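A short worksheet on the structure shown next.
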Amino acid sequence: MLEILRIRNLGVIADAELNFSPGFTALTGETGAGKTMVFRSIAMLFGAKPDASLIADGADAAAVMAELAVPADIKVRLLELGATVEDDVVIVGRQVPLEGRTRSVIGGTAMPNTTLVDLGGEMIAVHGQSDHMKLRKPAHQRLILDRFGGVKISDVLTRYQDLWAQHLDLQHRIDSLSADSASRQLELDRITSVITRFDELQPQPAEDETLATEALRLGNSESLFVAAMQAGEAIGGSDYDGEFVAGLLTNARKALEQSADLDEQLEGFATRVRELEVLAGELASELTQYASAIDASPQRLAYIEQRRSELKQLAREFGTVDDLIAWVEVNRPRMELLQGGDEHVSELKMELAACTAQMLVLAGDISKQRHLAATAFEQAVRSELEGLAMSGASVSFQIRPTDLGPFGADDIELGLVSRPNAPWVPISRGASGGELSRLMLAVQVVLASADPIDTFIFDEVDAGVGGAAAVEVGRRLARLARSSQVIVVTHLPQVAAFADKHYVVQANQGQQVHASQIREVSGEDRVTEISRMLAGLSDSSAGADLALELLELAASESHSN
């Protein structure tokens with residue numbers, strides 16, 4: 001359940017905080033005042049693609065935070081992810097900058113945006129003004145039916161889709177091997193040529209880099225020898241003409257030791273110089289050994305250059321030697337497959353046939369469960385439509401067999417029968433805007449009974465609805481709020497009157513909204529707001545009378561149920 005919502009720099013909302021309760025909450029206000037931005041803040045928090053264009057003018061980022069009361073199973077998962085959950089409440093947040101990536105935090109721990117989206121998907125159903133238009137799309141209609149069918153469909157569908165992925169892979173391999181024999185032979189010849197030469201050379205990982213380093217050293221052996229010998233003699237003496245480091249250090253030590261008995265500090269200096277003598281001697285010896293070990297063999301250099309040339313020629317089209325090795329690892333099995341030719345194709349076709357047979361069985365099971373779910377769904381939605389001023393209307397699915405596809409072998413279409421004895425018409429063509437709004441509400445209520453959701457959030461769920469139908473929408477939302485939290489952005493007084501809590505967003509068109517301008521109304525203030533929504537005038541006496549009558553109707557309905 002959503003308990004607290006904090007919004008910063010989103011659209012016209014500069015700074016606001018709302019406290020929500022169980023039951024039905026309505027948000028109202030003049031057009032452009034910012035009430036829809038409250039809805040968008042929730043959609044941004046739990047949506048996969050936040051819209052940076054909604055950031056307030058002059059702000060670097062928008063931020064939304066919420067406190068959610070979470071059930072025990074989700075609490076356990078959040079704790080496993082490292083989130084902090086106190087008294088079964090977790091604080092979640094998302095920051096959307098003008099530039100760069102969004103940041104999501106759950107329980108004080110930064111987490112991937114998808115984790116926050118998944119959390120919202122399990123607890124909160126968010127429906128915008130255009131969401132009811134999804135009902136027109138066959139893909140969405142299939143999703144509705146499958147969700148209503150629950151695990152009886154999802155379990156089988158998951159197994160089917162695993163086979164579908166295997167089916168696609170097998171078909172791709174068959175098509176590849178079934179290419180004309182000339183193309184297949186050309187591919188085989190190319191792979192065989194490269195791998196044969198590869199096996200002859202047997203290149204080692206990063207060998208091209210190792211050989212380049214050694215070639216550089218061999219090609220400059222004389223310079224390296226001279227540098228090492230001169231440095232060694234300058235440090236250790238021998239044939240060096242002039243003072244050398246080791247000798248100077250010896251003189252320095254002796255000078256210090258002669259006077260060390262006069263000041264113990266000189267003894268310390270002498271000790272340190274003695275250590276430098278030892279180090280200088282070791283370094284001079286190592287430089288001499290390095291110079292002696294330099295390989296100036298022209299035969300070795302010639303071998304390396306030849307080896308480098310051969311490796312470069314073989315790896316030319318792949319890049320480095322490591323790229324060549326990776327290519328060979330991938331294509332050696334491919335070579336063996338191409339050599340098998342028709343025999344491999346026959347084996348793959350047998351695997352494909354077995355896979356298809358299993359898919360047909362599972363597709364049949366899915367179709368059977370869909371028909372059963374469709375019957376129950378249609379009955380449940382018909383009952384909901386009765387309570388939404390669409391008496392006599394019903395919906396039904398047409399499920400027709402089709403070719404195997406990623407979701408089974410059913411062509412699914414949802415249709416509307418607007419009144420008794422009226423023809424079945426696809427929803428994509430036969431439902432008005434008001435009917436779609438009520439259908440969407442009915443569908444969500446029915447889905448909630450099969451797959452419960454803690455919180456429903458609607459923006460203009462009453463679009464295209466008015467009069468008696470609006471009262472029925474308000475009544476149905478109030479009923480839904482008995483089992484789930486319901487938050488609605490609405491422009492209809494008939495809907496707002498049924499709310500348990502009523503917020504009003506007050507601001508002039510285009511101006512920034514602050515916390516003081518989103519306030520809860522009750523008593524006379526609520527009557528004034530309902531009157532404004534009814535008559536357009538907050539101080540209309542006739543509007544006030546109608547507002548009182550409407551609020552009393554809603555109160556009596558809630559008390560009687």
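Bear in mind these aren't lab numbers, they're just calculated from the coordinates by the rules spelled out. Only a predicted model underlies this, so the values are computations on that prediction, with no experimental measurement involved. All Cβ positions, glycine included, derive from the backbone under ideal geometry; neighbour counts span all protein chains shown.
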Give me the number: length gained by fully extending residue 339 to residue 391, i.e. 0.36 nm times residue separation minus the C-alpha to C-alpha distance, one decimal in nm. 11.8 nm
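What does the highest-first list of 267-280, 479-492 look like by mean Cβ count within 10 Å?
Numbers: 267-280: 15.0, 479-492: 21.5.
Descending packing order for the listed peptides: 479-492, 267-280.
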Here the gain from full extension of residue 192 to residue 519, 0.36 nm per residue of separation minus their alpha-carbon distance, amounts to 110.0 nm
Evaluate 2.2 N^0.38 Å with N set to the residue count of the chain, then give the Cα radius of gyration divided by it. 1.61
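Run the dipole for the chain about the Cα centre, Lys and Arg Cβ at +1, Asp and Glu Cβ at -1, nothing else charged, and hand back the magnitude in debye, nearest 20. Numbers along the way, then the final one.
Details: 49 positive and 82 negative charges, 590 e Å.
In debye, rounded to 20, the chain gives about 2840.
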Using a cut-off of 26 Å between alpha-carbon atoms, which lysines can reach residue 35, once sequence neighbours fewer than 8 places away in the same chain are excluded? 49, 134, 501
What FRET efficiency do you get for residue 143 and residue 541 if R0 is 56 Å and r is their Cβ-Cβ distance, rounded to the nearest 0.05? 0.65
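Please compute the length gained on full extension between residue 329 and residue 448, using 0.36 nm multiplied by the number of residues separating them and subtracting their Cα-Cα distance. Provide the component values of the computation, followed by the final result.
Working: separation 119, 0.36 × 119 = 42.84 nm, distance 5.18 nm.
Extending this stretch completely gives an extra 37.7 nm.
For the pair residue 312 and residue 224, what calculated FRET efficiency results from E = 1/(1 + (r/R0)^6), where r is the Cβ-Cβ distance and R0 = 25 Å, to the nearest 0.05? Mind dumping the intermediate values first?
On the way: r = 25 Å, r/R0 = 1.00.
The computed FRET efficiency comes out at 0.50.
Quick check on packing: order 326-334, 8-16 by the mean number of other C-beta atoms within 10 Å, highest mean leading. Mind showing how you got there, number by number?
On the way: 326-334: 13.9, 8-16: 21.7.
The peptides rank, most packed first, as 8-16, 326-334.
How would you order 288-299, 56-67, 35-46 from highest to lowest mean count of nearby Cβ atoms within 10 Å? Let's see the in-between values first.
On the way: 288-299: 12.5, 56-67: 17.4, 35-46: 23.2.
In descending order of packing, they fall as 35-46, 56-67, 288-299.
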Antiparallel as a % of all DSSP beta bridges within the chain, to the nearest 5? 70
What does the charge add up to near residue 89, with Lys and Arg as +1, Asp and Glu as -1, over the other residues with Cβ less than 12 Å from its Cβ? -4
Is any helix in the chain, taking whole DSSP H runs, at least 27 angstrom long along its axis by alpha carbon and on average at least 0.0 on the Kyte-Doolittle scale, and which ones? 541-560
Two-site label geometry, residue 212 and residue 175: point separation in nm, points 7 Å out along Cα→Cβ: 4.0
Charge dipole of region 39-79 about the Cα centre (unit charges at C-beta), most positive-ward option of 47, 79, 59: 79
Using Cα pairs under 8 angstrom and six or more residues apart, how large is the relative contact order of the chain, in percent? 22
For the chain, with +1 on Lys and Arg beta carbons and -1 on Asp and Glu, the positive-most of 188, 381, 124 along the dipole: 381
Hey, what did region 207-319 get for relative contact order, percent, Cα under 8 Å, at least 6 apart? 36
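Which loop GluC sites (Glu not before Pro) in region 79-173, with loop taken from DSSP, have no more than 15 other Cβ atoms within 10 angstrom of their Cβ? Please list the in-between numbers first.
Details: sites: 80, 86, 99, 122; in loops: 99.
For GluC sites (Glu not before Pro) across region 79-173 that sit outside H, G, I, E and B with at most 15 neighbouring Cβ atoms in 10 Å, the list reads 99.
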In the chain, if the dipole is taken from +1 on Lys/Arg beta carbons and -1 on Asp/Glu beta carbons about the Cα centre, which of 556, 289, 259 is farthest to the positive end? 556
Give me P(r) over region 207-319, computed from all C-alpha to C-alpha distances, binned every 5 Å, as integer percentages. 2, 11, 14, 12, 11, 9, 9, 8, 6, 5, 5, 3, 2, 1, 0, 0
Show which lysines lie in cross-link reach of residue 152 when reach means a straight Cα distance below 19 angstrom and same-chain residues fewer than eight apart are skipped. 368
